[in-house]
Amino acid sequence: MDKIGVLIVDDHTLFRKGVRKMLEAEADMVVVGEAANGREALEQARALMPDVALMDIQMPELDGIEATRILSREMSHLGIIFITMHENDEFVFRGLQAGGRGYILKDSDPDTVLRAIRAVANGESLLGPSIAQKVMRHFQGMDKAHTSLVDDLTAREVEVLKLIAEGIGNKEIGGRLSISDKTVKNHINNILSKLHLYDRTQATLYAIRSGLVKVE
């Protein structure tokens, strides 16, 4: 079984060591490297090609959001999860817009962190409960007029979009809808194209905003 290669990016050495110890106890994960700031994260990610990066936000030299923006352009396979103490709107939405596929808080329980890593490595997205609620409240307060592009989707594409927003991976989507992996990928590409989106995280946020899924 291929292990999930994780890069830990945080300017606090004790935090990095604690996360490393937790991940090394998991049979399906391996810590490929550590970085203490955004510039080191760029160097390490380019050299080590991790599957997932756990990214702090406020760091010296280059912050985590800018590092994520650069890496998202360069390495489409890399899933970046923000793990931070910051949950204000500015950091949450800037982080997700930069290309983060997950956003969890440092006081989350270990199972949440591990679940986020596995989800993102599988091409899915995961937001911590308080972050998901924040996203929902933000979009509920926005003008819904710009969500009308959903009307351009076929009934099957709407089904796929709903499952994406529930954090379901491509293989399980295919199983639920009795369609092939290739067909699932084609539907996802059509959804992203029609809605002018870049990835599954944006699709999830769009589905929440347009009311297709509810976040409790």
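The values are calculated or read from the model by the stated rules, or taken from the named source; none is laboratory data. These numbers were taken from a predicted model, which means no experiment stands behind them. In this analysis, Cβ positions are derived from the backbone assuming ideal geometry, glycine residues included, and neighbour counts consider all displayed protein chains. Heavy atoms of the whole protein, side chains included, go into the accessibility calculation; ligands, DNA and RNA do not. Shrake-Rupley method; radii C 1.70, N 1.55, O 1.52, S 1.80 Å.
Considering only alpha-carbon pairs that sit under 8 angstrom and 6 or more positions apart, the relative contact order computed for the chain is 15 percent. The label point for residue 97 and the one for residue 30, both projected 7 Å from the Cα toward the Cβ, are 3.8 nm apart. Applying 1/(1 + (r/R0)^6) with R0 = 22 Å to the Cβ-Cβ distance of residue 155 and residue 198, what FRET efficiency is obtained, to the nearest 0.05? Result of the calculation: an efficiency of 0.40. A cut-off of 5 Å between modelled amide H atoms, ignoring neighbours fewer than 5 places along the same chain, links residue 82 with 55, 101, 102, 103, 104.
Treating r as the C-beta distance of residue 21 and residue 162 and R0 as 41 Å, the FRET efficiency rounds to 0.60.
Given that compact globular proteins tend to follow 2.2 N^0.38 Å, what is the ratio of the alpha-carbon Rg of the chain to that value? Don't skip to the end; give the middle numbers.
Details: Rg = 17.1 Å, N = 216, 2.2 N^0.38 = 17.0 Å.
The value comes to 1.01.
Projecting label points 7 angstrom from Cα along Cα→Cβ for residue 87 and residue 2 puts them 3.4 nm apart. Taking amide hydrogens as placed 1.01 Å from N in the peptide plane, the amide H of residue 31 sits under 5 Å from those of 6, each at least 5 positions away in sequence or on another chain. Computed extension length for residue 48-residue 171: 41.6 nm, one decimal, from 0.36 nm per residue of separation with the Cα-Cα distance subtracted.
Of 77, 12, 86, 196, the order by accessible heavy-atom surface (1.4 Å probe, DNA, RNA and ligands excluded), from most exposed downward, is 196, 12, 77, 86. Count Lys and Arg as plus one, Asp and Glu as minus one, and take only other residues whose Cβ is under 9 Å from that of residue 3; the net charge is then -4. Net charge in the neighbourhood of residue 117 (other residues with Cβ under 12 Å of its Cβ; Lys, Arg +1, Asp, Glu -1) is -1. Work through the residues other than residue 196 whose Cβ is under 15 Å from its Cβ and net out their charges, Lys, Arg +1 and Asp, Glu -1. Residues close to residue 196 contribute a combined charge of -1. To the nearest 10, the accessible area of residue 76 is 100 Å² with a 1.4 Å probe.
Order of 51-64, 28-41 by packing, highest average Cβ count within 10 Å first? Mind showing how you got there, number by number?
Values: 51-64: 21.9, 28-41: 19.9.
Going from most to least packed, we get 51-64, 28-41.
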